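Everything below concerns the one structure shown next.
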Amino acid sequence: MQSGEHKLFELSYGFIGPNYFVIMNTNTDTSDDNPIRYQHYRDLPAEMFAESMPSQTASPTLIELNENLLEQLGIESSWFVSQQALSLLSGNSINEDNRPIALAYSGHQFGNWSALLGDGRAHMLGQLKTAEGEYFDVQLKGSGRTQFSRGGDGRATLGSVIREYLLSEAMMGLGIPTTRSIALLTTGDTVAREKLNPGAILVRSAQSHLRVGSFQFAHAKTAHLKSSQSQPSISGVKALADFTIAQHFPELEQSTSKYLDLLSVVGTRQATLIAKWMLVGFIHGVMNTDNVSIVGETIDFGPCAFMDEYNPQKVFSSIDTQGRYAWDQQPMIAQWNLTRLAETLLPLFDDNEEKSIEMAQHRLSEFMPQFQKSFQTGLMLKLGFSESNDQTQQLTSELLSAMQTDGVDFTVFFNNLTGVAQGESKQVLINLFNDLDGVSKLVDQWQELRAKDSDSLLAMRQANPVVIARNHQVQFAIDAAVEKNDFLPFRRLCRVLANPYLMDSVDDELMKPPKSEERVTQTFCGT
Ligand code: AMP
Ligand code: MG
């Protein structure tokens, strides 16, 4: 981190009039069956959110309810299929006790500072309490304009909602921390983008919707108050950090360095998250600070994608022209984002700024080794090695390099390799490459080095999915729903992605890489 970098905020923050913000009552229980009974974010300083009503929708229809998720959370699904739920989740009736809010946040988008982003098309209904006593946010996405919409219409297209639903379920199936999708509704409204689209709402759940950008917002707000010489309020960042610790990291409560520890724990979660993404070929696509969850869940599935053929510089997003968020750039970007978080927390580390910066730098320096450790450990599991040494590392890099040269499909390679470890012939694996002799030798070396015990084999199976959410299949599911009102491909993909290590032969085609005419080379935000 460069000293003084955080001063940027004082220069670029635009003030938002206080009339946007209404202080809400504290949490209330409702008397009906609606399980969304809490609104913890109302405990935050008033400037961190704005009361906001969803827009009315023409003819809402519940297309999909995630019964599996509700079951996992121990939440009775009957309310979710009721008329009352449809009305609430489509924005057509809002329970007095459960008035939604939109959260305020800032963010660096592709490196450029935006002082005010916030939920421009999302409404936080509140939290539900799981059978285990944990709280989960329930948020509507695509539910209309808020105070943070700027020029946007607050709506979501059916295509973007299907994409987020599928991709978040895919992440869950792969054991990667993620926001989830409780339900998908169509609204009956038309949403104008480059063409007219059916409108939809995603009912999203998450442990938290706080982002690095939330801290940047709180920091910028305090910075503004200082620069205008008004009475500085109690630091918004401190309130937000205390809230985050109380809600999500209570184990830090007693620490004498709890704010530094908060930075560390966010860093550790990001490091493991990014490693997990990369190990299945996932490219988030928009790792702006406003899309970085403070609890380390994958959030805001925009133009994200899983790569087919292995290429470390792979980018899908149509707007990422510089490759800022390419597959192999993700750890560096995560560290950059974490540094932005550290800047906001500096005043909480120590009264002496230089000392604070030093402490922050020390904690930030832990990120890359943590990422490397997670990534290398995962890679060893994928290859069935029980330890990492010079030989295994050399072979791993030769195999990856051969895959890159010959454009070999990342998922198919590791799945076939698992097959060979399980006793299948190596020929199918070798035939994926152009350099048959060279690769045959590498595979023989790998056979020598790999662990042969049943635990390692099982670990290898569990590290190498058979199926991922391939772009062309996601697109196929979207097209069928949007153009023919046919949700069967979407449901089928959902079912298969929930269990990506097991495959029924009837679903074989879903594991195949795209044919040349099926290839999706670019993905779009498609908001
Ligand atoms: P995203 O690219 O989805 O992470 O969104 C970046 C920012 O743009 C966030 O503040 C969103 O709330 C806002 N935004 C995205 N789409 C819309 C929309 N259709 N209407 C209003 N705001 C939007
Ligand atoms: Mg976002």
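The values are calculated or read from the model by the stated rules, or taken from the named source; none is laboratory data. Only a predicted model underlies this, so the values are computations on that prediction, with no experimental measurement involved. Heads up, the Cβs are rebuilt from the backbone with ideal geometry, glycines too, and the neighbour counts pull from every protein chain shown. When the accessible area is computed, the model is the full protein with side chains, heavy atoms only, and any ligands, DNA or RNA have been set aside. Shrake-Rupley method; radii C 1.70, N 1.55, O 1.52, S 1.80 Å.
The residue pairs whose first member lies in region 259-281 and is free of Cβ contacts under 8 Å to residues at least 40 places away in the same chain, whose second member is hydrophobic (A, V, I, L, M, F, W, C) and open to solvent by 10 Å² or more (accessible area, probe 1.4 Å), and whose beta carbons are closer than 6 Å, counting only pairs six or more residues apart or on different chains, are D261/L252. Can you pull out every residue in region 435-453 that is outside any helix (DSSP H, G or I) and under 36 Å from the mean Cα position of the chain (by Cα)? Listed by number, the residues that qualify are R450, A451, K452, D453.
Okay, residues lined up against (1) out of contact with any strand residue (DSSP E or B) (no Cβ under 8 Å at 6 or more places or on another chain); (2) at pLDDT 95 or above; (3) of a type in the set (V, I, T):
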{"position": "L8", "(1), (2), (3)": "no, no, no"}
{"position": "S12", "(1), (2), (3)": "no, no, no"}
{"position": "P18", "(1), (2), (3)": "yes, no, no"}
{"position": "N27", "(1), (2), (3)": "no, no, no"}
{"position": "I36", "(1), (2), (3)": "no, no, yes"}
{"position": "M53", "(1), (2), (3)": "no, no, no"}
{"position": "S59", "(1), (2), (3)": "no, yes, no"}
{"position": "L62", "(1), (2), (3)": "no, yes, no"}
{"position": "F80", "(1), (2), (3)": "no, yes, no"}
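Confirm whether A218 is more than 16 Å from ligand 2 (Cβ to nearest atom) and of a type in the set (G, A, S). When the stated conditions are applied, A218 passes them. Do we have R363 as under 20 Å from Y259 (Cβ atoms) and basic (K, R) here? For R363, the condition - under 20 Å from Y259 (Cβ atoms) and basic (K, R) - is met. Report yes if some residue within region 268-286 is surrounded by 22 or more Cβ atoms within 10 Å (Cβ to Cβ), within 30 Å of D242 (Cβ to Cβ) and within 15 Å of ligand 1 (Cβ to nearest atom); otherwise report no. Yes; the residues of region 268-286 include at least one that is surrounded by 22 or more Cβ atoms within 10 Å (Cβ to Cβ), within 30 Å of D242 (Cβ to Cβ) and within 15 Å of ligand 1 (Cβ to nearest atom).
Among the residues of region 514-521, is any free of Cβ contacts under 8 Å to residues at least 60 places away in the same chain, farther than 30 Å from T61 by Cα and either among the aliphatic types (A, V, I, L, M) or not in a helix (DSSP H, G or I) (or both)? Yes - at least one qualifying residue is present in region 514-521. The strands (runs of 3 or more DSSP E) found entirely in region 29-69 that carry 2 or more residues being under 30 Å from F487 (Cβ atoms) and assigned by TED's automatic domain parsing to the domain that holds T186 are 61-65. Exactly one residue out of I201, I176 is open to solvent by less than 10 Å² (accessible area, probe 1.4 Å) and part of a loop (DSSP other than H, G, I, E, B): that is I176.
When M171 is tested against the conditions (1) of a type outside the set (D, E, K, R); (2) open to solvent by 10 Å² or more (accessible area, probe 1.4 Å); (3) out of contact with any Pro (no Cβ under 6 Å at 6 or more places or on another chain), the lone failure is (2). Screening G302, G285 for residues that are at positive phi, within 16 Å of ligand 2 (Cβ to nearest atom) and part of a loop (DSSP other than H, G, I, E, B) leaves exactly one candidate, G285.
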